[in-house]
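Trainee: Okay, handing you the structure first.
Please treat every number below as a calculation from the coordinates, not as lab data. Treat the numbers as computed from the prediction; the structure is a model and nothing was measured. Quick reminder, even Gly has a Cβ in these numbers, built from the backbone with ideal geometry, and neighbours come from all protein chains shown.
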Amino acid sequence: MTAPNDRRRRLLGALLPLAAASAGATPLRALVTPAPAPEREGAPLAAWQPGWLDIHHIATGRGNATFVMFPDGTSLLIDAGASLNGLDVSVAPRPDGSRRPGEWIARYLRRHLGRAGLAGLDYLLATHLHPDHTGDVDAASPLAAAGAWRLGGVTDVAEQIPIYTVIDRGFPDYDVPLRVDAPFANNYRAWIAARRKAGQRVEAFVVGSAAQIAARGHRSAATGFEVRNIAANGEVWTGQASATRTLFPPLASVARADWPNENQCSAAVRIASGRFSYFTAGDLTSYTQDGALPWHDVLGPAARAAGPVSVATADHHGMFDGLSADVVRTLRPRAWIIPSWHIAHPDMLQLERMFSERLYPGPRAVFATTVMRENLLANGRLTRKLLSHDGHVVVRVPPGGDRFYVAVTGNADEHDSVRMVTEQFAA
C-alpha cells in the first residue's frame with residue numbers, strides 16, 4: 001500500500017504539468033484529510049453559522065476582495081478590486097467577462113448574506129486607492145443610477161448592496177501623502193462625496209482602534225472577538241492600548257522621489273476570535289531600496305504589532321517587495337493566502353520565504369486565488385506546492401476559535417461548489 005505522504009507528493013508534483021496543459025483548467029484537489037466540518041466536496045459551501053468566523057478571499061482574477069462574516073453576523077468587505085488590465089498580463093475574469101468584477105463580488109456577497117438570513121453590508125474597508133483594490137473605470141463604464149460617478153469595483157458593490165459604513169485610509173481630504181489624480185481615484189472620491197451629501201457614514205481609518213470595526217450584534221455570539229486597526233499612512237499600533245507611533249519622517253525633509261506611495265500607506269488589520277488570528281494589510285510592502293530608505297518598510301513594523309497569527313495574506317499579492325524574511329518569521333502563520341491575479345503574482349522569492357522552514361519551523365498550507373499559466377510554468381518548483389491556485393479561498397473558524405480549516409470553492413460559476421477542504425489546524 002502506498003504511504004499517504006508519497007501519494008501527496010506525487011499528486012502535488014503533477015499539478016504544474018496539468019495546469020500548463022490548459023490555462024483555464026480546474027486545479028487538482030489537494031490530498032488532505034477532510035475536516036469534520038459542514039463541508040462536503042462537490043456540494044455547495046455550507047452557509048455561515050452563528051458563532052463562526054468566515055473569511056472569504058473572492059477570486060475574480062481582477063484584484064483583491066475579502067468578505068468577512070463575524071461570529072455575530074456582522075459583515076465586512078475589505079476591498080473590491082476591478083482591474084481593467086488586458087489578458088496578456090492578467091488572469092481572465094472569473095467566472096467570465098459577462099459582468100464587471102464588482103458585479104460578481106456583489107452577487108457573491110448577496111448569496112452568502114442571504115443564506116445567513118442577512119441583508120446589507122455593515123462595513124466596507126478600502127485599504128488604499130488602487131484599481132485592483134477599489135476598482136478601475138473608463139469611458140465605457142456605466143454611470144451610477146443616482147450620481148455622476150461610474151460603476152467599477154466598490155461602486156458596483158454599492159450599487160447593488162446597501163453599505164452601512166465606509167472606512168478608508170484617506171478620508172476626508174485624500175491628500176496624505178499627496179492626492180492621487182487618476183480616473184479611478186477621482187471616481188471613488190465622487191462616490192464618497194455623494195455618500196456624505198446623502199448623510200451616509202464615511203470614516204477615516206483610526207490606527208490603534210479596536211472599536212471602529214465592531215460587532216453589531218445581529219446574532220448572539222460568545223465574546224473574544226476583535227478587529228484591531230494595525231497600520232495606515234505610516235502610523236502603526238504600538239501594541240499598548242490604542243497608542244500608535246509614526247514611521248515616516250517629516251516629508252519636508254525627504255526628496256519628493258522618496259515620498260511614500262499609495263501602497264506604503266495601506267490600511268492593515270488583525271482579526272481575532274479566541275486563539276485564532278488573521279492578518280491582512282492591502283499592499284503594504286517591506287522593500288527599503290536595499291536599505292537606503294528603512295522607513296519604507298511599513299509591513300515589518302505592522303507584522304510585529306500584529307504578532308504571530310494563524311492565517312496571513314501575502315500582501316501586495318506576493319510581489320517582490322512584499323514579504324521580507326523578517327515579516328514571514330514574525331507572522332509565522334499555519335496558512336498563507338496569496339491574493340494573486342497578475343502575471344507577476346506571486347514572486348519566486350516570496351514563495352521561497354512562505355515555504356521556508358528556516359524562517360519558522362513546521363508545516364504550512366499555502367493557497368493562491370488565481371495564478372496565470374505563465375507564472376505556474378516559471379515558478380513551477382514552488383507553485384506545485386500550492387494547495388490551490390484558482391478558486392475562492394474560505395477560512396472557517398468554529399466557535400471558540402481554537403481551530404480552523406480552509407475550504408476552496410470553484411470560481412468558474414456561482415455554485416460555490418467545494419473543491420477541497422483541509423484538515424483542521426490548531427489556531
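Trainee: When the dipole is taken about the Cα centre of the chain, and only Lys, Arg (+1) and Asp, Glu (-1) are charged at their Cβ, what size is it in debye, to the nearest 20? Don't skip to the answer; put the middle values down first.
Mentor: Values: 43 positive and 40 negative charges, 222 e Å.
Here the size comes out at about 1060 debye.
Trainee: Hey, what do the phi angles of segment 119-126 turn into as Karplus ³J(HN,Hα) couplings, whole Hz, using 6.51/-1.76/1.60 and θ = phi - 60°, x for Gly and Pro?
Mentor: For segment 119-126, the Karplus curve yields 9, x, 10, 6, 9, 10, 10, 9 Hz.
Trainee: Shifting gears a bit: Sort W149, W336 so the one with the fewest other Cβ atoms within 10 Å of its own Cβ comes first. Let's see the in-between values first.
Mentor: Values: W149 22, W336 25.
Fewest-to-most Cβ neighbours within 10 Å comes out as W149, W336.
Trainee: From the backbone phi of segment 274-285, what are the Karplus-calculated ³J(HN,Hα) couplings (6.51 cos²θ - 1.76 cosθ + 1.60, θ = phi - 60°) in whole Hz, Gly and Pro given as x?
Mentor: For segment 274-285, the Karplus curve yields x, 7, 6, 8, 9, 10, 8, 9, x, 10, 4, 10 Hz.
Trainee: If you don't mind, there's one more thing I want to ask. Any chance you could get the radius of gyration and Dmax over the Cα atoms of segment 134-248, in Å?
Mentor: Cα radius of gyration and Dmax of segment 134-248 are 16.5, 48 Å respectively.
Trainee: Run the dipole for segment 188-266 about the Cα centre, Lys and Arg Cβ at +1, Asp and Glu Cβ at -1, nothing else charged, and hand back the magnitude in debye, nearest 20.
Mentor: On the way: 10 positive and 5 negative charges, 95 e Å.
Value, rounded to 20: 460 debye.
Trainee: Based solely on its DSSP helices, what 222 nm [θ] is calculated for the chain when runs of n ≥ 4 H residues each add -39,500 (n - 2.57) and the sum is averaged over all residues, nearest 500 deg cm²/dmol? Display every interim value, and only then the final one.
Mentor: Values: 10 runs with 92 residues, N = 427.
Calculated from helices alone, the mean residue ellipticity at 222 nm is -6000 deg cm²/dmol.
Trainee: Follow-up question, since we're still on this one. So what's segment 206-341 giving for Cα Rg divided by 2.2 N^0.38 Å, two decimals? Provide the component values of the computation, followed by the final result.
Mentor: Working: Rg = 15.3 Å, N = 136, 2.2 N^0.38 = 14.2 Å.
Its radius of gyration relative to the 2.2 N^0.38 Å reference: 1.07.
Trainee: Determine, for each peptide in 60-68, 402-410, 236-244, 297-305, the mean count of other beta carbons within 10 angstrom over its residues, then list the peptides with the highest first.
Mentor: Working: 60-68: 27.2, 402-410: 23.1, 236-244: 15.4, 297-305: 25.0.
Packing order, densest peptide first, comes out as 60-68, 297-305, 402-410, 236-244.
Trainee: Next question. What is the set of long-range amide H partners of E423 at a cut-off below 5 Å, with H atoms built 1.01 Å from backbone N?
Mentor: Those lying under 5 Å, H to H, from E423 are T33.
Trainee: If the convex hull of the alpha-carbon atoms of segment 45-204 is projected onto planes in all directions, what is the mean projected area in square nanometres?
Mentor: Values: hull surface 38.5 nm².
Averaged projected area of segment 45-204's Cα convex hull equals 9.6 nm².
Trainee: Among DSSP beta bridges whose residues both lie in the chain, state the antiparallel percentage, nearest 5.
Mentor: On the way: 43 of 65 bridges.
Once the DSSP bridges in the chain are tallied, antiparallel ones form about 65 percent.
Trainee: Please turn the phi angles of segment 238-253 into ³J(HN,Hα) values with the Karplus equation 6.51 cos²θ - 1.76 cosθ + 1.60 (θ = phi - 60°), one per residue in order, whole Hz, x for glycine and proline.
Mentor: Taking θ as phi minus 60°, the curve returns 7, x, 10, 6, 10, 5, 9, 9, 9, 8, 6, x, x, 5, 4, 8 Hz for segment 238-253.
Trainee: Considering Cα pairs under 8 angstrom that are at least six residues apart, work out the relative contact order of the chain and quote it in whole percent. Can you show the working numbers first?
Mentor: Details: 1012 pairs, mean separation 80.9, N = 427.
Computed value for the chain: 19 percent relative contact order.
Trainee: For segment 315-333 and segment 157-196, write down the distance between their C-alpha centroids in whole Å.
Mentor: Cα centroid to Cα centroid, the span is 28 Å.
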